[in-house]
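Taken together, the values in this text are just the output of simple stated rules run on the coordinates, not laboratory data. What you see is a predicted model; the values in this text were computed from it and never measured. A quick note on method: Cβ atoms are made from the backbone with ideal geometry, for glycine too, and the neighbour counts reach across all protein chains shown.
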Amino acid sequence: MARPTITPTGVERHFDKDEIIVSKTDTKGVITYGNRVFFRIAGYSEEEMLGQPHNMIRHPDMPQCVFKLLWDTLETGNEIFAYVLNMAKNGDHYWVFAHVTPTLDKGGKIVGYHSSRRVPEPAAIEVIKGLYKALLDEEKKHSSPKEGMAAATQILLNLLEEKGVGYDELIFSL
């Protein structure tokens, strides 16, 4: 299924603090499982989502360099925590605090990924919005998406070095 062009509505969706959005993907990011909360908040049916790339819910205001960091971290076998802005089927958006982990087979080989997403703290989202806007602005300055992502990634790495923290430490400090 080709991802339809969806225009962001500017309307934010919310889910309850006691709810967890869960999804699983294969190593290529194709959705193999989702819980009811995931389908409800994303606005898609299970049939519409299973077998589709997880990036079908990617919001255009989400910097590509954050996903590059996420995938690079996961491919090394490590978990990652991140604030993510997603987009529902109708263009509404929703913020999540994601914990993504590799799924390993008995031999320790990565066979997929598991993501549990919770309601983020509003104060942290206000901080992360500014950072993500700066990263996205940098990505858009470049004619090549690859160059833009590299430049934005360098801004993020410089920020981490300046603060003397790793990415997870930064995320948990917000």
* **Top-ranked residue of region 106-121 - restricted to ones that are closer than 16 Å to Phe172 by Cβ and either of a type in the set (D, E, K, R) or exposed (fewer than 14 other Cβ atoms within 10 Å of the Cβ) (or both), ranked as nearest to the chain's Cα centre (by Cα)** => Arg117
* Structure fact -> Taking first residues from region 120-136 that are closer than 11 Å to Val66 by Cα and second residues anywhere that are acidic (Asp, Glu) and part of a loop (DSSP other than H, G, I, E, B), the pairs with Cβ under 9 Å that are 6 or more apart or on different chains are Tyr132/Asp61; Leu136/Asp61
* To do: Among residues belonging to region 36-49 that are surrounded by 14 or more Cβ atoms within 10 Å (Cβ to Cβ) and in contact with a strand residue (DSSP E or B) (Cβ under 8 Å, 6 or more places away or on another chain), point out the one that is farthest from Lys89 (Cα to Cα).
  => Val37
* Take the residues in region 137-149 that are without any contact (Cβ under 8 Å) to a residue 12 or more places away in the chain and surrounded by 13 or more Cβ atoms within 10 Å (Cβ to Cβ), then tell me which one is farthest from Leu170 (Cα to Cα). => His142
* Might you check whether a residue that is buried (at least 20 other Cβ atoms within 10 Å of the Cβ) and touching a Phe, Trp or Tyr at 6+ places or on another chain (Cβ under 7 Å) occurs anywhere in region 50-58? => no
* Structure fact -> Restricting region 72-107 to residues that are free of Cβ contacts under 8 Å to residues at least 24 places away in the same chain and not in a strand (DSSP E or B), the one nearest to Pro145 (Cα to Cα) turns out to be Asp72
